[in-house]
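Report on one structure; see the data block that follows.
Just so it is clear, none of the values below were taken in a lab; they were calculated from the coordinates. In this text, all values refer to a predicted model and were calculated from it rather than measured experimentally. Quick reminder, even Gly has a Cβ in these numbers, built from the backbone with ideal geometry, and neighbours come from all protein chains shown.
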């Protein structure tokens, strides 16, 4: 009986330095290594997902922090900031100003029902107070007709007799 020897091809080792020099094992069209992409840019956010993740871990809010939690929190914070800035920008434009100051933030937050409820106990430094004049302090409207003037004085129009 003869023994047959079957030749097998050698396995390709992508980690071998000579293999990479020979040009094998590379993907098509990749001349350079893939550039790193932040988690914020992957999620399409401006707020820093990595920094928020670091703060969540360092703050000991929980023993473990999931991968999606800092992304979600960054998205919520970015939305709230955009909402406040949009309303404050409108308040600044109403006052014919080009720069948002704390007064504009105060007016924006207190005029919005939901934001006012969310930030009800928050004091905004240099925000001032909301303009409000109580109805009792407003000047009374003058009546144009004689009947309204007489009735407002408490004088009855029927009798001329007065009790003193």
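Numerical summary
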item	result
Sequence of 104, 134 once ranked by neighbouring C-beta atoms within 10 Å, starting from the fewest	134, 104
Theoretical gain in end-to-end length, residue 93 to residue 78 [0.36 nm per residue, Cα-Cα removed]	3.2 nm
Order of 38, 116 under a 10 Å beta carbon neighbour criterion, fewest first	38, 116
Residue exposure sequence - 72, 61 - by fewest surrounding Cβ within 10 Å	61, 72
Relative contact order for segment 37-141, counting Cα pairs under 8 Å that sit 6 or more residues apart, in percent	17
